[in-house]
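Working notes, structure below.
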Amino acid sequence: MGLLSALLLGVQLGFAFLPNIELVSLLIILYTRHLQYRVLPVIYVFVLLEGLFFGFGIWWIIYLYIWAILSGLTMLFRKNSSLIGWAMLSGGFGLLFGALGSIPYIVLSGPQAAFAWFVAGIPFDITHGISNFLVCLALFKPLDFLFVQMKKYHVL
């Protein structure tokens, strides 16, 4: 489980130079499909590692719930066998990332600040949604196959 958390951090750092192009969403979808609720410790170790690496700010509060939301959505659709369905979930999550991320700003700074934060991030959310969709289309099947093999040989 620790290695899966470290992999999340590693791929995030590896793609950090590309704005809102990431593999974390795809990996959390795959982890959830194969680990189900056992994914939660993986997610929260990843979030803790991020806080230790980047510092603890409002963005960190967002990460405390946003990845669990993606995991919960994945659990709802876990019987989906359509690649397009998984790509749509990943892409939709990328599009909604800013809206979901604005929640702490409502509490901390008021609805106007939350709205301003959300609107300012729309170009990044569009990039995030499109890239999540394309990354999922390209990598979902081979990575899902890898996870099936790891389960088959009791590595996962």
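The values are calculated or read from the model by the stated rules, or taken from the named source; none is laboratory data. Quick caveat, the model's predicted, so the values are computed rather than measured. To get the accessible areas, we keep the full protein, side chains included, count just its heavy atoms, and leave off ligands, DNA and RNA. Shrake-Rupley method; radii C 1.70, N 1.55, O 1.52, S 1.80 Å.
Find the all-direction average of the projected area of the Cα convex hull for the range 2-93, expressing the result in square nanometres with one decimal place. Intermediate values should be presented prior to the final figure.
Working: hull surface 23.2 nm².
Computed as one quarter of the Cα hull surface, the answer is 5.8 nm².
Taking 8 Å as the Cα distance limit and 6 or more residues as the minimum spacing, I'd like the relative contact order of the range 34-156 as a percentage. Walk me through the numbers before you get to the answer.
On the way: 89 pairs, mean separation 31.7, N = 123.
Across the range 34-156, relative contact order equals 26 percent.
Determine Rg/Rh for the range 28-156; Rg is computed over alpha-carbon atoms and Rh is the Kirkwood hydrodynamic estimate from the same atoms.
Values: Rg = 15.9 Å, Rh = 15.8 Å.
With Rg and the Kirkwood Rh in hand, the quotient comes to 1.01.
Seen through its C-alpha gyration tensor, with square-root eigenvalues sorted a ≥ b ≥ c, the range 1-55 comes out oblate because a/c lies at 1.5 or above while a/b is not bigger than b/c. Averaged over all directions, how much area does the convex hull of the C-alpha atoms of the range 77-116 cover when projected, in nm²? Over all viewing directions, the range 77-116 projects a mean Cα-hull area of 3.3 nm². Ordered by solvent-accessible area of protein heavy atoms (1.4 Å probe), largest first, the residues 34, 154 come out as 154, 34. Normalised by the number of residues in the range 15-94, the average gap of Cα pairs under 8 Å and 6 or more apart makes the relative contact order 35 percent. Look at the alpha carbon pairs under 8 Å that are at least 6 residues apart: their mean separation over the length of the range 1-56 gives a relative contact order of 42 percent.
In whole Å, what is the distance between the alpha-carbon centres of the range 126-156 and the range 17-44? Taking the Cα centre of each part, the range 126-156 and the range 17-44 sit 10 Å apart.
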